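No value in this document is a laboratory result; all are computed from the given coordinates. None of the values given here were measured: they were computed from a predicted structure. Neighbour counts are summed over all protein chains in view; Cβ atoms, including those assigned to glycine, are modelled from backbone coordinates with ideal geometry.
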Amino acid sequence: MSNYLAIAAVTATLQRILQVAVQEEVYGARVTTVRPNTLEGGNTETCVNIYMYMATPNTAHRSTDASSRRPRGELVKRTQAALDLQYLLSFHGNETELEPQRLMGCVVRTLQNALVITSEMIRDTLSDPTFTFLAGTDLADTFEPIFITPRSEEHTSE
């Protein structure tokens, strides 16, 4: 993590990538980033909601970025937190026209084709006037590629 805006910048970039895809496939569809419980109670909006629900330390990169100091103790390079961000995606819309399923298909295809969030994608997000609140992030300049990996849960019957 580069600075305190890094997580928000990743979420905004994911939102922007998905928004471009879904608006081409399902008319009027939006991508939102609200708490799932705010969509309950008869949401009629056609949308994909992405919600970052958990951040955990990335064990593979946990110690690869130790801070560097000069012999007199001055900081040469600050440490960066390596995190795995986990998102919950939900799909809403007209069930008769199978909008939630169409949105899900579009999102799965898009994420399969864009398995890496690049510096350029983050810069494109930061240049979007919708995301001016992220102007202070340095994520596009200080990170390694961000990989998108679907998570599968193993369920056991008890």
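Provide the FRET efficiency to the nearest 0.05 for the PHE147-VAL20 pair, computing r from the beta carbons and using R0 = 25 Å.
After rounding to 0.05, the efficiency reads 0.80.
How much length, in nm to one decimal, is gained on full extension between THR33 and MET52, taken as 0.36 nm per residue of separation minus their Cα-Cα distance?
Taking THR33 through MET52 to full extension adds about 6.0 nm, to one decimal.
Please give the net charge around GLU45, taking every other residue with its beta carbon less than 12 angstrom from that of GLU45, where Lys and Arg add +1 and Asp and Glu add -1.
Surrounding charge for GLU45 is 0.
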